[in-house]
Amino acid sequence: MSVVLNGAEIARALKRISHEILERNHGSSDLILLGIPTRGVAIAEQIASDISGIENSEIECGTLDITMYRDDLRLKPPRNLFPTRIPASGIDGKNVVLVDDVLYSGRTIRAALDALNEIGRPRTVQLAVLIDRGHRELPIRADYVGKNIPTSKNENVKVHISSVDGIDEVTIESDLK
Amino acid sequence: MNTWQIKNLFDVHGKETELNVEAGLFVDQFSQDAQPQTIDARGLTVIPGLVDLHTHLREPGREDAETVLTGAQAAVAGGYTAISAMPNTLPVADTAGVVEQVYRLGKLHQLCDVYPIGAVTVGQKGEQLAELTAMNQSEAKVRIFSDDGHCVADPLVMRRALEYVKLFDGVIAQHAQDPRLTENAQMNEGEVSSKLGLKGWPAVAEEAIIARDILLTEHVGSRLHVCHLTTAGGVELIRDAKKKGLNVTAEVTPHHLLLTDELAGSFDPVYKVNPPLRTNKDVAALRAGLADGTIDIVATDHAPHPQESKDCEWSAAAFGMLGLETAFSICYMTMVKNELMSLSELVDRMALRPAQIARYENQGEIRTGNRANFALVDLNSSWTVEPEQLKSKSKNTPFAGMELPAVIEKTFHNGALVFDRRG
Amino acid sequence: MKNLLSIDDLTKAEAIEILDTAVTLSNLSETGVKKFPTLRGRTVVNLFFEDSTRTRISFEAAAKRLSADVINFSAKGSSLSKGESLKDTAMTLQAMGADAVIIRHNSSGAAHRLASQKWIDGAVINAGDGTREHPTQALLDAFTIRRNLKNDQGDLKGLKVGIVGDILHSRVARSNVLLLSKLGAEVVLIAPPTLLPVGVDSWGTSVSYSFDEVIGDCDAVMMLRVQKERMEDLFFPTEREYSRAFGLTKDRIAMMKESAIVMHPGPMNRGLEISADSAESNKSVIVEQVANGVSVRMAVLYLLIGGATTRDLETHLGENK
Ligand SMILES: [Zn+2]
């Protein structure tokens with residue numbers, strides 16, 4: 001197991017993403033961050049707090065559970081649902097930034113787009129991820145990436161976030177069974 | 001013909017013995033020109049052929065469930081040499097014609113004695129007495145009358161029936177069940193029924209009828225036999241009646257000596273029976289009652305049903321379970337293995353006492369000069385109940401898969417080998 | 001969890017998982033999300049041997065919101081009403097590849113029978129069997145109590161629930177007693193002795209013959225439907241006498257705690273077990289129960305057939321071989 005990002009590096013990466021989001025969207029108005037449970041939520045909250053620090057105003061942040069939209073539900077016993085929290089003003093006409101920890105096959109993001117579709121019609125949907133490890137199975141790419149980590153398929157990228165795991169770091173380990 | 005010399009046997013007391021049968025009769029010594037076939041029965045125990053006073057043979061009318069032939073085959077496989085066919089057939093055995101038909105079928109098959117029980121009332125409707133004397137004086141010589149399946153609920157009808165059978169030393173075998181207290185009842189009323197949401201069949205519905213019938217029997221000085229006792233309270237009532245010296249006898253089924261209402265929790269209708277399985281407390285009282293002689297006999301209430309009558313939801317299913325082929329093993333296990341009574345006492349309750357109550361001749365004991373009705377049983381061996389292996393035409397045994405002690409190896413009726421497990 | 005036949009089949013944790021899942025689904029539907037693709041391609045059969053439009057519609061709505069294909073099979077009144085029909089019907093459904101069978105039957109234990117006989121390999125959900133159980137009703141009742149009195153959180157410890165009326169014939173009561181006790185609530189059964197089963201003392205609840213004495217202690221009062229035919233079977237002398245002693249009236253509502261709620265599984269006999277004004281009082285959550293029923297049934301369907309089922313795993317294994 002090796003650590004590929006430590007706490008300070010994660011913080012720096014998220015801060016950079018925050019700046020990029022603001023730059024690309026010309027400020028924080030009409031901007032909504034939606035974290036995908038579980039770790040995407042904590043990451044989205046960190047980005048929201050960074051943006052607020054930069055802009056000196058609150059930014060709307062919610063969560064989007066995509067479990068019910070997964071295409072691999074029937075391969076495993078039923079998974080627990082997580083709450084979906086959409087800011088009261090809704091997503092119609094907004095710039096929605098989906099936030100997740102790792103971008104891999106792209107299937108989670110496909111499910112998230114389906115879920116969003118049921119909730120409303122944003123002006124744009126963008127994607128921010130802490131790690132992009134490649135191996136896409138769908139035509140999906142991230143707009144904001146904390147770090148690109150080339151991996152092989154039998155490696156495991158794990159994002160640890162202090163609010164969930166007690167520590168901020170990203171590790172990589174080979175799946176040697 | 002039917003001449004046997006059976007060696008190396010144990011009797012019911014465990015003593016070594018030998019059995020001689022000549023021309024179908026028990027003999028002390030063979031006559032000079034006798035040519036007995038010899039059987040070395042090493043390890044086996046000889047018991048008198050068992051006698052059942054409560055058998056449902058379904059013929060005529062429901063030959064899809066059982067016939068006199070298949071019922072008799074099941075009987076001899078269970079060590080029985082006399083069975084008593086309950087009258088709830090189609091048509092009901094309430095005339096000399098029907099009882100003679102059943103009797104003759106039994107004779108024809110020559111497997112065991114088949115004695116018809118006559119209905120007390122016309123069509124078992126509980127209203128009008130059937131022609132009891134005609135049935136008694138028929139070839140079938142019916143002496144036991146019962147509306148089994150139904151209770152003779154009307155007190156006046158019951159009184160008259162009890163009085164009337166005194167004409168010929170008959171006995172009324174009552175299925176004690178107050179109909180109003182058991183409308184649409186599905187199982188024993190109590191804790192388990194309260195949780196399962198199945199309509200209860202309260203013990204009091206049985207006990208109220210037993211109490212009333214005992215009083216009527218005392219009043220008119222007749223003879224009462226109480227079918228399939230199931231409750232601790234019922235045992236008490238019989239015990240008191242006997243103390244008073246009344247001519248009241250009672251039976252218990254093997255299933256009520258072992259199974260309880262908890263089994264209904266499976267919702268498997270194989271456990272649906274009337275009267276229903278009761279509680280542990282009742283089972284203990286029934287065992288004690290049988291052991292101390294309050295309950296005179298074991299009777300099977302063998303009640304075959306075709307698969308479709310049980311392969312359904314509980315409330316739609318028929319009441320009843322098979323009994324003939326498992327009765328001896330179940331009783332041996334619950335009573336003798338548990339040291340509640342000796343083998344000789346059990347055999348007394350399953351052979352001699354029922355023969356005495358019914359006045360069946362040549363049954364229930366091994367006595368020189370009698371027709372040779374007996375069975376050879378291996379008490380040290382065991383068997384597993386497999387429904388498909390049973391001789392009965394139906395397969396509704398609640399004991400499927402159970403390993404039971406005591407294997408009936410051979411059964412002889414009138415000296416003829418009518419059942420041989422090995423052949 | 002393969003089937004939902006009885007509340008007894010659930011651990012406390014599983015029961016709470018169902019309620020929590022239902023909370024998530026219910027909140028989503030308040031966000032405006034009415035439909036999920038989750039059960040696309042799954043076949044759900046409503047097998048109703050007994051009329052119950054409201055339960056059937058509730059299950060149907062739940063299944064459709066999850067995008068399942070729904071087949072309604074009403075066996076009542078057809079030649080299939082007794083005996084082997086249950087088996088035959090099950091075989092038919094099996095051949096159609098039903099992933100879940102929701103069964104309502106007038107015989108206690110019918111759902112168990114369907115599930116235990118291997119007539120069918122889909123999930124079996126008991127939607128009411130005779131006078132035995134109605135587990136999804138109990139779950140929606142617990143959901144409603146928890147939403148109103150426990151802010152959608154945890155178990156029901158510290159609450160007292162009165163169940164009033166025809167306990168003897170009520171599957172709703174049986175399931176509720178099991179579930180409420182499992183979730184830590186205290187249950188008091190309030191009924192005339194004729195409408196309490198012999199053996200009720202083994203249920204682990206308290207029993208009261210006096211509604212007035214206990215109503216003030218209850219956090220929730222669950223009124224049961226009383227069928228008028230019970231009168232003919234001598235369970236009570238007259239409707240008037242019944243409602244005087246055990247009906248919920250305005251006067252009795254006034255005796256209830258400030259925060260207490262009034263529930264009824266429906267359909268109501270207004271004027272018998274519940275007066276019209278009680279049913280519509282501000283303590284009544286009867287309409288809410290109906291909406292909660294859909295969320296709870298969605299949760300049950302999701303947890304039973306949303307993930308891999310036994311059959312999926314078997315097919316999968318088969319493919320690997
Ligand atoms: Zn009987």
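Observations on the model:
- All positions within segment C:26-54 that are within 18 Å of A:Pro87 (Cα to Cα) and within 7 Å of another protein chain (Cβ to nearest Cβ): C:Asn27, C:Leu28, C:Thr31, C:Gly32, C:Val33
- Qualifying position, being surrounded by fewer than 21 Cβ atoms within 10 Å (Cβ to Cβ), in contact (Cβ under 8 Å) with a residue 60 or more places away in the chain and away from chain C (no Cβ under 11 Å), among A:Gly40, A:Gly93, A:Gly53: A:Gly93
- All of (1) away from chain C (no Cβ under 14 Å); (2) more than 14 Å from the chain's Cα centre (by Cα); (3) of a type in the set (S, T, N, Q) hold for B:Thr326 with one exception: (2).
- Given (1) acidic (Asp, Glu); (2) in contact with a Lys or Arg (Cβ under 8 Å, 6 or more places away or on another chain); (3) at the interface with another protein chain (Cβ under 10 Å from one of its Cβ atoms), index of the condition C:Asp20 fails: (2)
- Checked against (1) open to solvent by 10 Å² or more (accessible area, probe 1.4 Å); (2) more than 18 Å from the chain's Cα centre (by Cα), B:Asp113 passes all but condition (2).
- Given (1) more than 14 Å from chain B (Cβ to nearest Cβ); (2) in contact with an Asp or Glu (Cβ under 7 Å, 6 or more places away or on another chain); (3) assigned to a loop (DSSP other than H, G, I, E, B); (4) not charged (D, E, K, R), index of the condition C:Val198 fails: (1)
- Sub-8 Å Cβ pairs linking a first residue in segment B:270-288 that is within 14 Å of another protein chain (Cβ to nearest Cβ) and more than 13 Å from B:Val235 (Cα to Cα) to a second residue that is within 15 Å of the ligand (Cβ to nearest atom) and open to solvent by 50 Å² or more (accessible area, probe 1.4 Å), at least 6 apart or interchain, are B:Lys272/B:Phe319, ordered by first then second residue.
- Residues that are over 17 Å from C:Met96 (Cβ atoms), open to solvent by 10 Å² or more (accessible area, probe 1.4 Å) and of a type outside the set (Phe, Trp, Tyr) do not occur anywhere in segment C:41-49.
- Cross-chain or 6+ apart pairs with Cβ under 7 Å, segment B:136-159 first and among the polar types (S, T, N, Q), then away from the ligand (no atom under 12 Å from the Cβ) and assigned to a loop (DSSP other than H, G, I, E, B): B:Asn136/B:Val142; B:Asn136/B:Arg143; B:Asn136/B:Gly170; B:Ser146/B:Val120
- The set of residues in segment C:4-17 that are within 14 Å of chain A (Cβ to nearest Cβ) and closer than 19 Å to C:Ser107 by Cα contains only C:Leu4.
- Screening C:Lys157 on (1) open to solvent by 30 Å² or more (accessible area, probe 1.4 Å); (2) over 30 Å from C:Phe211 (Cβ atoms); (3) away from chain B (no Cβ under 14 Å) shows it passes everything except condition (2).
- Any hit, segment C:226-233, residues being in contact with a Gly (Cβ under 8 Å, 6 or more places away or on another chain) and more than 22 Å from C:Ser6 (Cα to Cα): yes
- Number of positions in segment C:100-149 that are away from chain B (no Cβ under 12 Å), in a loop (DSSP other than H, G, I, E, B) and modelled with pLDDT of 95 or more: 0
- Candidate set from segment B:238-248 (those that are open to solvent by 50 Å² or more (accessible area, probe 1.4 Å) and free of Cβ contacts under 8 Å to residues at least 40 places away in the same chain); member that is nearest to the ligand (Cβ to nearest atom): B:Asn247
- A:Leu73 satisfies every condition listed in (1) within 14 Å of chain C (Cβ to nearest Cβ); (2) within 27 Å of A:Ile172 (Cα to Cα); (3) open to solvent by 80 Å² or more (accessible area, probe 1.4 Å); (4) not acidic (Asp, Glu) except (3).
- Residue check, B:Ser84 among the hydroxyl-bearing types (Ser, Thr, Tyr) and in contact with an Asp or Glu (Cβ under 9 Å, 6 or more places away or on another chain): yes
- Summed over segment C:1-34, residues that are more than 27 Å from C:Ser181 (Cβ to Cβ) and either in contact with a Leu (Cβ under 8 Å, 6 or more places away or on another chain) or without any contact (Cβ under 8 Å) to a residue 12 or more places away in the chain (or both) total 6.
- Restricted to helices (runs of 4 or more DSSP H) entirely inside segment B:119-229, those with at least 2 residues that are within 16 Å of the ligand (Cβ to nearest atom) and within 14 Å of chain C (Cβ to nearest Cβ) are B:203-220.
- Where helices (runs of 4 or more DSSP H) sit wholly within segment C:219-264, those with at least 1 residues that are of a type outside the set (Lys, Arg), modelled with pLDDT under 95 and farther than 16 Å from C:Val164 by Cα occupy C:229-232.
- Residues in segment B:220-237 that are closer than 13 Å to B:Ala288 by Cα and surrounded by 24 or more Cβ atoms within 10 Å (Cβ to Cβ): B:Leu229, B:Thr230, B:Thr231, B:Gly234, B:Val235.
- Looking only at segment B:372-418, residues that are of a type outside the set (A, V, I, L, M) and open to solvent by 20 Å² or more (accessible area, probe 1.4 Å) come to 17 in all.
The values are calculated or read from the model by the stated rules, or taken from the named source; none is laboratory data. On a predicted model such as this, the values are computed, not experimentally measured, just so you know. Please note: Cβ atoms are built from the backbone with ideal geometry, for glycine as well, and neighbour counts cover all protein chains shown. Calculation scope for accessible area: heavy atoms of the full protein, side chains included, ligands and nucleic acids excluded. Shrake-Rupley method; radii C 1.70, N 1.55, O 1.52, S 1.80 Å.
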